[in-house]
1. The stretch 126-148 to the stretch 254-275: how many Å between their Cα centroids?
2. Need one number: nm distance between label points at ALA219 and ALA179, each 7 Å from Cα along Cα→Cβ, rounded to one decimal.
3. At a 1.4 Å probe, what is the % contribution of carbon and sulfur to the accessible area of the stretch 194-237?
4. Just to be sure I understand: with springs between alpha-carbon atoms less than 10 Å apart, which residue in ASN280, ASN47, ASN163 has the highest mean-square fluctuation in the Gaussian network model of the chain?
5. To the nearest 10 square angstrom, what accessible area does HIS87 show with a 1.4 Å probe?
6. Go ahead and run the numbers for FRET between ASN281 and ASP150, Cβ-Cβ distance against an R0 of 45 Å, rounding to 0.05.
7. By accessible area of protein heavy atoms, probe 1.4 Å, what ranking do VAL303, VAL120 get, highest first?
8. Mind telling me which of LEU262, LEU119, LEU194 comes out most flexible in a GNM of the chain, alpha-carbon contacts under 10 Å?
Amino acid sequence: MNKKLFVTIFVFAAVLLLTGCAKGQMPSSWTGVTASEGFVYLANATNVYAVNVDTGAQVWKYQVKASAYAAPRLTGDGQLIIGGYDHVLYSLNPQSGLASGLGMWPFKGAHDRYIGSPLVTSDTIYAPNADYNLYALDLQGQLKWNFKADQALWATPATDDNNVYFGSLGGKFYSLNAATGAKNWDIKVDTAVLSTPVVKDGVVYVTTFTGNLLALESATGKTIWSKPAADRIWSGPVLEGDLLYFGDISGGLYAYDLKGNLVWQQKLNGGIVGLPAINNNTLIVGTDSGNIYVISLDGKDIVWQAMVPGETTGTVYAPPVVAGKLILVAPTDGSNFLVALDGDGLTKWVFNPSK
């Protein structure tokens, strides 16, 4: 784990332990990346960019009033949703980057920053905010309901269509009725939840910042099992088949089955902050040492390993994103803003914003 990540984790932990309150705190942030239908969308500082996925050319740029870092999300009816540090949730046209036209709106009802990306379903946007609230909006940006948790919400919720599940920086985990926002249950977990849960067959799987993978009954919140990692966990897990994959900030990479059995683990060079990506029966993982690993899902083979290209490599905090045959990596503090690698780890193009 490099010095910068250590400082970020230390400061974050100190905020939680000493103040007991995370509202209004400024996290260290990295570029949010989403790819869909020939475009890559990036949120970084005061700008949102659209980039052509084949060429790496900038298509448009939209400036927000304050920083935006959460990965943009697309709706089924053709909107690009971005949450900002200016307390605004923006709806943009993904083709043009314009904030005007049919269905394009701002939601200004929150009172703090959007740190995590919203969850988008066929008819609802569930937006977690650092003001402790989960806001449920329709696709026209109108508030359906909001629910106030115990502390700030930094992670995207998950849903099983009937309910939404999410955790807070206060170490509580919630289940709400997806349609009404009524609370089904909440439980106290060991510490802050910075990750998006996974729901399958009546079980919710979630990691905690202390470094535990939990399996909870979706109907009651009762803990089915809990498994520790070697160090703290920022994100994860990701589910592929019947295995859960996640990493810790010391570089531990884990695969657990749904019964809580450790299937395999590896130690990588550098801490793992971003969620792993899945592509062609491989796991794609970035580390804070600037490494990208492509590993077989059974953990037996490192298919290839590469450093992020550039005069300054930077650190890979943001999750890698798969776009067709490309792997997109947005390093933090590197000389390149966004890098596209092919299936062999070779650089296809590099994007750096026009000035």
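The values are calculated or read from the model by the stated rules, or taken from the named source; none is laboratory data. Predicted model only: the values in this text are computed from it and were never measured. Note: ideal-geometry Cβ built from the backbone for every residue, glycine included; neighbour counts use all protein chains shown. Heavy atoms of the whole protein, side chains included, go into the accessibility calculation; ligands, DNA and RNA do not. Shrake-Rupley method; radii C 1.70, N 1.55, O 1.52, S 1.80 Å.
1. 33 Å
2. So the label points at ALA219 and ALA179 sit 1.9 nm apart.
3. Answer for the stretch 194-237 is 47 percent, counting heavy atoms of protein chains only.
4. Greatest mean-square fluctuation among the candidates belongs to ASN280.
5. Answer for HIS87: close to 70 Å² accessible.
6. FRET efficiency, ASN281 to ASP150: 0.65.
7. On the way: VAL303 85, VAL120 40 Å².
Largest to smallest exposure gives the sequence VAL303, VAL120.
8. Greatest mean-square fluctuation among the candidates belongs to LEU262.
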